[in-house]
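Participant: Sending over a structure as structure tokens; questions will come in a sec.
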Amino acid sequence: MDIVDQLGAVREGKMSRRAFTRSLLASGVAIATLPAGARRAMAAPEDQGTYFTWGGYDIPELFGPYMANNNGEMPNFAVFGGSEEALTKMRGGFVVDVSHPCNQAMPRWVATGLFQPIDPSRLGNWPDVIPALVDLEGNDAEGGSIWMAPFDWGQTSITYRTDLVDLEGKEESWDILWDPKYSGKLGSLGSGADAWWVGAIKAGVDFKDIDTPEAFEKIAAVMREQRPLMRTYTDDNTTLEQALSSGEMVASMTWASSAVQLQAEGVPVKFAKPKEGALTWVCGLMIHKDAPKVDKAYEIIDSLLSVETGHFMINDYGYGHSNIKAFDAFDAAKLDSLGLSKTPSEVLSAGHFQVPQTQEWETKMNETFEQIKAGF
Amino acid sequence: MTETSSSSTKAQRSPGRGGLSGLLHRHENLRGFLLMTPTLLVMGVGIIAPFFILVTMSLWTRQGFDFDTTLTMANYARTWNEPIYGALLSRSFWISGIATVATVILCYPMAYFVAFHVHRNKMMWIILMTLPFWTSYLLRVFAWKVILGYEGVINSGLMAVGLIEAPLEFLLYSQEAVIITLAHAWAAFAILPLYVSLEKIDKSLLEAATDLGDGPVARFMRITLPLSLPGVIAACFLIFIPTTGDYITPALLGGPDGAMIGNFIQLQFGPVNNWPMGATLSMVLMMWISLIALVFLFITRLAREKIA
């Protein structure tokens, strides 16, 4: 008996109200229990590990080996816009298996006691990981374990439209993002973890001195100078990429991936090599101390460290990868055009490499930067 | 004798009713409270308890990643002394005030039309008018991003017609964008109360007014508008209160100048990592909204007395 039939029967008085209510109850119960059955049938996302990461890392291309081991299922994802936001969320009780901080934040993350050391012997790809990337400030846990398995490294710089930005024969420089000529057509990543450091480069502050009151004032001053020129600040790469592709923005502070992806779409953009030096970083993977699925956490990390993932990271995103074998598929010219090298230290030390800071500094920086973004 | 016999028959009857049902039978208040228990529980656990947590936390201060739990008004003093909070609050009230007025003015004619000029399938009209609101709030905000965007529907349309040569940039990432989106996104909350109050108006009053010589304008001002005021007030509250603290619309469409207090509260719980300050800002927002609501109620009461 279908629903229309029942309504008809009620209208004609053939069906008692009680009988109708009973069938309503039955369909209600059926609908309420339907999702439970469907979930069980679908090979269960709750069986997968959870990966808490930046936007853009939640794609199947990075999880080939993981999916091969897990019936084609990807891990579960949670996405953050900045690593400080991620840490706050986890301190508030959000439990994940793997998260994705960068070298600058890592010692602070370790200090919260929210993470467990990684045992490299459980990672099949570990022998191919470039040792220089593991050897970061604060990365040694007891017993030869490490806190963060390096995954990607690279630069934060300016992606600009070669047809809309006129360098007038000058060298590429961070000044593009402070040029009143392009007022209202400039963009920036909204997270202080990138923007404030770029401000330090622009203000000529050495990263060694970034934690001084004078540095704070100098950087705040350049950020305030830049703010009225900005179309928008966002944590969303796609927003910046679309704006650059439509000409809504002519230049923006981005990671390498935005430039590489826009170039692949035929948009005339370039990832600048600013004369002051780009901002450089190494990001990696940490396991939560209460990770509900530690085995899956190691699988996620091993998958991200695989050669296959490395190819995608280098070729499609323009990031450096931590697996030395991933570079074998690319010749020196290609790597150079992406601003990468088989020897990461060449690239990292050519730019300004982020230095870990105290929690007080990080909080004060975020507070100041958010006020500047709001116009104060 | 009669006294005892009647009481004994009562005593005989009451065991049949059982303890609880007898109790309920005798106490009307108890019946009422029992009926309300689920609601009261939800209110207690979901609203009152969190509210007290919020009040307490707003009196704490941040200390590194932890809280200093000595009670102090320091956060409230900061919201008063630092200009950024006042500026964000007044911007929020400005934006949502304009959005509220725009929504009510735009929705009133729609509700009026259905209440007075549609005679068949009224429910279908109402459903059709609220149909866009069956999609998620986030999707509607994104849809506006597509409409107002640099290469969006409005800009490409105007450029195709030749009215403008370069895209209008103020459409997106501005306070205007937030106002437009809020006015659309909350329209359903204006249409429904307005329709209900207009529908209830006794049509014979309008006929009487016409008979006594009122023209259409005077009739509207003297009868329809005053009698529909409860709906207008309800619509204003339903839109103004939630939109003041709205977070997602300014975050996606506001740009640097369109940020509202809701965004700043979110930041306190996120990257800025100052939960007590976030709690304080939420409390201050609540107090200001209550104050504005009271003033608004007072003004409308005055207006009604004047009209009456």
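Participant: Determine the relative contact order of chain A: mean sequence separation of Cα pairs under 8 Å and six or more apart, normalised by residue count, in whole percent.
Facilitator: Values: 624 pairs, mean separation 96.1, N = 376.
With pairs under 8 Å counted, the relative contact order is 26 percent.
Participant: Can you give the average number of partner chain beta-carbon atoms within 10 Å of each beta-carbon in peptide A:86-93, as a whole number? Before the final figure, lay out the partial values.
Facilitator: Numbers: counts 2, 4, 9, 2, 0, 3, 4, 0.
Neighbouring Cβ atoms belonging to other protein chains average 3 per residue here.
Participant: Expressed as an acute angle from 0 to 90° and rounded to the nearest 10, what is the orientation of the C-alpha long axis of helix A:237-246 relative to the principal long axis of chain A?
Facilitator: 70
Participant: Hey, how many Å between the Cα centroid of region B:249-286 and the Cα centroid of region B:60-98?
Facilitator: Taking the Cα centre of each part, region B:249-286 and region B:60-98 sit 10 Å apart.
Participant: Return the average number of partner chain Cβ atoms within 10 angstrom of each residue Cβ along peptide B:146-154. Please report the intermediate quantities before stating the final value.
Facilitator: Values: counts 0, 0, 0, 4, 7, 6, 1, 0, 0.
Taking all residues of B:146-154 together, the mean is 2.
Participant: Same structure, new question: Name the helices (complete DSSP H segments) of chain B with a Cα length along the long axis of 30 Å or more and a Kyte-Doolittle mean of at least 1.0, or state none. Working shown, then result.
Facilitator: Working: long enough: B:83-117 (51 Å, 1.24); B:275-307 (47 Å, 1.35).
TM-like helix candidates: B:83-117, B:275-307.
Participant: Shifting gears a bit: Can you give me the relative contact order of chain B as a percent, contacts being Cα pairs under 8 Å and 6 or more apart? Walk me through the intermediate numbers first.
Facilitator: On the way: 293 pairs, mean separation 71.9, N = 308.
Normalised by residue count, the contact order of chain B is 23 percent.
Participant: Hey, another quick one. Using the Cα gyration tensor of chain B, with a ≥ b ≥ c the square roots of its eigenvalues, what is the shape: rounded (a/c below 1.5), prolate (a/b larger than b/c) or oblate (neither)? If you can, show how the numbers build up before the last one.
Facilitator: Details: a/c = 2.24, a/b = 1.23, b/c = 1.82.
Here chain B falls in the oblate category.
Participant: Inside 10 Å of the C-beta atoms of B:263-271, what's the mean count of C-beta atoms belonging to other chains?
Facilitator: Details: counts 3, 3, 0, 1, 7, 3, 4, 12, 21.
Taking all residues of B:263-271 together, the mean is 6.
Participant: Please go through the residue pairs A:LYS89/A:LYS364; A:LYS89/A:LYS270; A:LYS185/A:LYS342 and name each one whose alpha carbons sit more than 26 Å apart in this structure. Walk me through the numbers on the way to the answer.
Facilitator: Working: A:LYS89/A:LYS364 18 Å; A:LYS89/A:LYS270 35 Å; A:LYS185/A:LYS342 35 Å.
Listed pairs above 26 Å: A:LYS89/A:LYS270; A:LYS185/A:LYS342.
Participant: Angle, helix A:213-226 long axis vs. longest principal axis of chain A, Cα atoms, 0 to 90°, nearest 10?
Facilitator: 70
Participant: What distance in nm separates the two pseudo spin-label positions at B:PHE52 and B:MET287, each 7 Å out from Cα along the beta-carbon direction?
Facilitator: The answer from the label model is 2.1 nm.
Participant: Rounded to two decimal places and with Rh computed the Kirkwood way over Cα pairs, what is Rg over Rh for region A:113-226?
Facilitator: Details: Rg = 19.5 Å, Rh = 17.6 Å.
Dividing the radius of gyration by the Kirkwood radius yields 1.11.
Participant: Charges at C-beta only: +1 for Lys and Arg, -1 for Asp and Glu. How large is the resulting dipole of region B:50-195 about its Cα centre, in Debye rounded to 20? Don't skip to the answer; put the middle values down first.
Facilitator: Details: 7 positive and 7 negative charges, 113 e Å.
Using only the charged Cβ atoms, the result is roughly 540 debye.
Participant: In debye, nearest 20: dipole of region B:120-210 around its Cα centre with unit charges on the Cβ of K, R (+) and D, E (-)? If you can, show how the numbers build up before the last one.
Facilitator: On the way: 6 positive and 7 negative charges, 90 e Å.
Result for region B:120-210 is approximately 440 debye, rounded to the nearest 20.
Participant: Sticking with the crude label model, points 7 Å out along Cα→Cβ, report the distance from A:PHE376 to B:LEU131 in nm, one decimal please.
Facilitator: Result for the modelled spin labels: 4.6 nm.
Participant: Moving on. Rounded if a/c is under 1.5, else prolate if a/b is larger than b/c, else oblate: which is region B:88-224, with a ≥ b ≥ c the root eigenvalues of its Cα gyration tensor? Walk me through the numbers on the way to the answer.
Facilitator: On the way: a/c = 2.15, a/b = 2.07, b/c = 1.04.
Taking the square roots of the gyration eigenvalues as a ≥ b ≥ c, region B:88-224 is prolate.
Participant: Moving on to the next point. How many percent of the alpha carbon pairs in region A:114-179 exceed a separation of 16 Å?
Facilitator: Here the long-distance tail beyond 16 Å is 61 percent of all Cα pairs in region A:114-179.
Participant: Another question, then. How big is the gap, in Å, between the Cα center of region A:115-185 and the Cα center of region A:234-254?
Facilitator: Computed from Cα coordinates, the inter-centre distance equals 19 Å.
Participant: Assuming R0 = 51 Å, can you tell me the calculated FRET efficiency for the pair A:ARG122 and B:LEU71, based on Cβ-Cβ distance, to the nearest 0.05?
Facilitator: Values: r = 48 Å, r/R0 = 0.95.
With a Förster radius of 51 Å, E is 0.60.
Participant: Sort A:VAL267, A:VAL96, A:VAL79, B:VAL217 so the one with the fewest other Cβ atoms within 10 Å of its own Cβ comes first. Kindly include the intermediate steps, with their values, before the conclusion.
Facilitator: Working: A:VAL267 18, A:VAL96 26, A:VAL79 15, B:VAL217 8.
Fewest to most other Cβ atoms nearby, the residues stand as B:VAL217, A:VAL79, A:VAL267, A:VAL96.
Participant: Report the rotationally averaged projected area of the protein assembly as shown based on its alpha-carbon convex hull, in square nanometres.
Facilitator: On the way: hull surface 187.1 nm².
The Cα convex hull of the protein assembly as shown, projected and averaged over all directions, gives 46.8 nm².
Participant: Sticking with this one: Could you order peptides B:189-200, B:160-171, A:210-221 by the average number of other Cβ atoms within 10 Å of their residues, highest first? Intermediate values should be presented prior to the final figure.
Facilitator: Details: B:189-200: 21.1, B:160-171: 11.7, A:210-221: 15.8.
So the peptides B:189-200, B:160-171, A:210-221, ranked by packing, come out B:189-200, A:210-221, B:160-171.
Participant: Restricted to Cα positions, what overall size does region B:268-308 have along the principal axes? Three whole-Å values, descending.
Facilitator: The principal-axis extents, from largest down, are 53, 12, 6 Å.
Participant: For region B:88-307, compute the number of Lys pairs whose alpha carbons are separated by less than 26 Å, excluding pairs fewer than 8 positions apart on the same chain. Before the final figure, lay out each step's value.
Facilitator: Values: B:LYS122/B:LYS200; B:LYS122/B:LYS203; B:LYS200/B:LYS306; B:LYS203/B:LYS306.
Going through region B:88-307 pair by pair, I get 4.
Participant: Any idea what the relative contact order of region B:16-122 is, in percent, if you count C-alpha pairs under 8 Å spaced at least 6 apart? Spell out each step's value before the answer.
Facilitator: Values: 32 pairs, mean separation 10.1, N = 107.
Answer for region B:16-122 is 9 percent.
Participant: For the pair B:GLU169 and B:LYS200, how long in nm is the line joining their label points, each one 7 Å along Cα→Cβ?
Facilitator: Each label point lies 7 Å from its Cα, and together they span 5.1 nm.
Participant: Further, regarding this structure: Per DSSP helix of 4 or more residues, -39500 (n - 2.57); summed, then divided by the residues of chain B. What does that give at 222 nm, rounded to the nearest 500?
Facilitator: After summing the helix terms and dividing by residue count, I get -23000 deg cm²/dmol.
Participant: I would also like to ask the following. Non-local amide H neighbours of B:ASP68 (under 5 Å, H modeled in plane, Pro and chain starts lacking H): which ones?
Facilitator: B:THR61, B:ARG62, B:GLN63
Participant: Related question: When a footprinting reagent is the concern and you count Cβ atoms within 10 Å, what order do B:ILE299, B:ILE289 take, fewest first?
Facilitator: Working: B:ILE299 10, B:ILE289 19.
Listed from fewest to most nearby Cβ atoms, that is B:ILE299, B:ILE289.
Participant: Would you mind checking the tilt of helix A:294-304 against the longest principal axis of the Cα atoms of chain A, expressed as 0 to 90 degrees and rounded to 10?
Facilitator: 50
Participant: Let me ask something else. May I ask which residue of B:THR79, A:THR156, A:PHE52 lies farthest towards the positive end of the charge dipole of the protein assembly as shown, with charges of +1 (Lys, Arg) and -1 (Asp, Glu) on Cβ and the Cα centre as origin?
Facilitator: Among B:THR79, A:THR156, A:PHE52, the one farthest towards the positive end of the dipole of the protein assembly as shown is B:THR79.
Participant: Going by how many other beta carbons lie within 10 Å of each one, how would you line up B:THR249, A:THR239, fewest first? Intermediate results must be reported in sequence, preceding the final value.
Facilitator: Details: B:THR249 30, A:THR239 20.
The fewest-first ordering by Cβ neighbours comes to A:THR239, B:THR249.
Participant: What are the extents of the Cα atoms of chain A along their three principal axes, listed from largest to smallest and rounded to whole Å?
Facilitator: 87, 53, 43
Every number here is computed from the coordinates shown, using simple stated rules; none is lab data. Computed from a prediction, not measured in an experiment: that's the story for all the values here. As a convention, Cβ positions derive from the backbone with ideal geometry for all residues, glycine included, and neighbour counts pool all protein chains shown.
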